[in-house]
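*Asks:* Let me give you the structure first, and then I'll get to my questions.
The values are calculated or read from the model by the stated rules, or taken from the named source; none is laboratory data. These numbers were taken from a predicted model, which means no experiment stands behind them. Virtual Cβ from ideal backbone geometry, glycine too; neighbours counted across all protein chains shown. We work out accessible area using only protein heavy atoms, side chains counted, and drop any ligands, DNA or RNA first. Shrake-Rupley method; radii C 1.70, N 1.55, O 1.52, S 1.80 Å.
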Amino acid sequence: MSRSKQLKLGAFMRPVSIHTGAWRYPAAFPDANFNFPALKQFIQKLEQGKFDAFFMADHLAVLNMPLNALKRSHTVTSFEPFTLLSALASVTERIGLVATASTTYDQPYHIARRFASLDHISGGRAGWNIVTTSNPDAALNFGLSEEVEHDERYVRAREFYDVVTGLWDSFADDAFIRDVESGIYFDPAKMHVLNHKGKHLSVRGPLNIARPVQGWPVIVQAGASEAGRQLAAETAEIVFASASSLEVGKAFFADIKGRVRAIGRDPESIKILPGALVIVGGTVAEARAKRVHLDSLVHYDSGIASLNSALGYDVSGFDPDGPLPKIPPTNAGKTSHERVIGLAQRENLTIRQLAQRIGSYGGLAFVGTPQTIADEMEQWLTEEGSDGFNVMFPFLPEGLNDFVDKVVPELQRRGIFRQEYEGKTLRENLGLARPTNRFFQTTTASVS
């Protein structure tokens, strides 16, 4: 591998920490998910650290968990992603702005228009995290009595992607001539009417907004299932992965890059970024002590509810001090389901122990000094376990400041992370090409 390969870093910022106990940590902002001045401070610090993107996950329902657990959750209230990212676009210049939007409970015209608007407002920094949404309570909020079956969600998502990207190509890049003398604002020959009629969607078009600055906003996907991996290989430019170890990460990396290559795409056109909780200390022992303290702030009521949610199956009726029973397939997202079962089997955890771990954070974590954390990140990059990471901070602002002020300089010193942004758009900073318009070649022809 060339030494010049660079880490790509996203910041997982909705919720501002994935850890259930984050809001209770000393000096943390308890209301950080719903505190605009704080979020403005956070994104500006991330931009100072030259992060590629600020990423907002999203939920279309209050999390479906028992009230005894829900009342302890810092995710109950948070901003709608497009509203917040549009506001944050005005106080930043280079960092990418990635929002989750569901293909199951929204319409492609809405999604295409919102992301095109965000891309124009931000000067080309928008990214769309495609999700299919597995929360059954979300279905109830959108007039359905039960959630859509797993594989069918992905069939709709693939068609949804084709429609949205087709809508983004409604106008040629040079369609809007705005000729004051002739009175012609745009060239009708450079407007395409999509007229899509498919299994799930019927959309006429065209989109009533100019083509996005980046051509298309950057496409983000994730998924552990066969359907999710194939959708990512066909559509994604960033994959937010879940990998519990370097070995798991390498297998996922090879699988996705292999699928990309098999369909004729350049493997370098897709960046794989596993989520990683990062806890920084002056010594490894200090960092581990922070983790222990953080985990101790998670109440058992939250732990068992988080475990049930991750599994898509209620295990609260089983012996908490016994092993996890065999869990049947569910209609929930397969990523978290498989991660939790794998963790229980690897470490031979009881339900109580597993609930404590999942209720805190049970995924990939780098806990140590700036040097040891950089060692691990460099190993993942060198051994092709990832192209970078979607960094999750344990508590804010301290955890974020520690990473930007201490880990980023160490990564820069090693030559594996940028000193300055490469360009103004998210695509430029990620090293991704601007998509060509499928309906038009740019010309300089005039209209009379």
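*Asks:* Run the reach check for Lys257 against lysines, Cα to Cα strictly under 28 Å, same-chain hits fewer than 8 apart removed. What comes back?
*Replies:* Filter leaves Lys5, Lys8, Lys50, Lys271, Lys334, Lys424.
*Asks:* How much length is gained if the chain between Glu383 and Asp314 is pulled fully straight, taking 0.36 nm per residue apart and subtracting their Cα-Cα distance, in nm to one decimal? Display every interim value, and only then the final one.
*Replies:* On the way: separation 69, 0.36 × 69 = 24.84 nm, distance 3.80 nm.
Length gained, Glu383 through Asp314: 21.0 nm.
*Asks:* Oh, and also: With a probe of 1.4 Å, find how much accessible area the stretch 317-439 has per residue, and write the answer as a whole number in Å².
*Replies:* Numbers: 5230 Å² over 123 residues.
With all protein chains present, the stretch 317-439 gives 42 Å² per residue.
*Asks:* So, one more: Just grab the label-to-label distance for Ser245 and His110, each label 7 Å out from Cα along the Cβ direction, in nm (one decimal).
*Replies:* Distance between the two pseudo-spin positions: 4.3 nm.
*Asks:* Rule-of-thumb check for the chain: C-alpha Rg over 2.2 N^0.38 Å?
*Replies:* Values: Rg = 22.2 Å, N = 448, 2.2 N^0.38 = 22.4 Å.
It is 0.99.
*Asks:* Which of Ile270, Ile43, Ile341 moves most in a GNM of the chain, Cα contacts under 10 Å?
*Replies:* Evaluated over the chain, the most mobile residue of the options is Ile341.
*Asks:* Another question about this same structure. Kindly sort Ile177, Ile184 by accessible area of their heavy atoms, largest first, with the probe set to 1.4 Å. Could you put the intermediate results ahead of the total?
*Replies:* Numbers: Ile177 60, Ile184 40 Å².
My answer, sorted largest first, is Ile177, Ile184.
*Asks:* Among the trypsin sites (Lys or Arg not before Pro) in the stretch 376-448, which ones are in a DSSP loop with at most 13 other Cβ atoms within 10 Å of the Cβ? Mind listing them?
*Replies:* On the way: sites: Lys406, Arg413, Arg414, Arg418, Lys424, Arg427, Arg438; in loops: Arg414, Arg418, Lys424, Arg438.
Within the stretch 376-448, the qualifying trypsin sites (Lys or Arg not before Pro) (loop, at most 13 other Cβ atoms within 10 Å) are Arg438.
*Asks:* So, one more: With point charges of +1 on the Cβ of Lys and Arg and -1 on the Cβ of Asp and Glu, referenced to the Cα centre of the stretch 264-358, which listed residue (Val315, Ala285, Gln345) lies farthest in the positive direction of the dipole?
*Replies:* Ala285
*Asks:* Within the stretch 346-448, report the chymotrypsin sites (Phe, Trp or Tyr not before Pro) that DSSP leaves as loop and that have at most 11 other Cβ atoms within 10 Å.
*Replies:* Details: sites: Tyr361, Phe366, Trp380, Phe389, Phe395, Phe403, Phe417, Tyr421, Phe439, Phe440; in loops: Tyr361, Phe395, Phe417, Tyr421, Phe439, Phe440.
In loop regions of the stretch 346-448 (DSSP not H, G, I, E or B), there are no sparsely surrounded chymotrypsin sites (Phe, Trp or Tyr not before Pro).
*Asks:* So, with a 1.4 angstrom probe, what is the percent of accessible area on the stretch 74-119 that is carbon and sulfur? Write down the numbers at each step before the final one.
*Replies:* Working: 790 of 1560 Å².
Summing carbon and sulfur atoms, their accessible area is 51 percent of the total for the stretch 74-119.
*Asks:* A further question follows. With n ≥ 4 as the cut-off for DSSP H runs, can you work out [θ] at 222 nm for the chain, using -39500 (n - 2.57) per run divided by the number of residues, rounded to the nearest 500? All intermediate terms of the calculation are to be shown ahead of the outcome.
*Replies:* On the way: 16 runs with 171 residues, N = 448.
It comes out at -11500 deg cm²/dmol, rounded to the nearest 500.
*Asks:* In debye, nearest 20: dipole of the chain around its Cα centre with unit charges on the Cβ of K, R (+) and D, E (-)? Write out the running numbers ahead of the final one.
*Replies:* Numbers: 47 positive and 50 negative charges, 55 e Å.
Once rounded to the nearest 20, the dipole reads 260 debye.
*Asks:* So, one more: Charges only on Cβ, +1 for Lys and Arg, -1 for Asp and Glu: so what's the dipole of the stretch 17-136 about the Cα centre, in debye to the nearest 20? Spell out each step's value before the answer.
*Replies:* Numbers: 10 positive and 8 negative charges, 50 e Å.
That gives a dipole near 240 debye.
*Asks:* Kindly state, to the nearest 0.05, the FRET efficiency for Thr283 paired with Phe439, given R0 = 41 Å and r defined as their beta-carbon distance.
*Replies:* Values: r = 58 Å, r/R0 = 1.42.
After rounding to 0.05, the efficiency reads 0.10.
*Asks:* For the pair His293 and Gln419, how long in nm is the line joining their label points, each one 7 Å along Cα→Cβ?
*Replies:* 3.6 nm
*Asks:* Next question, about the same structure. Between Gln48 and Thr77, how many nm apart are label points set 7 Å from Cα along the C-beta direction?
*Replies:* My value for the distance between the label points is 2.8 nm.
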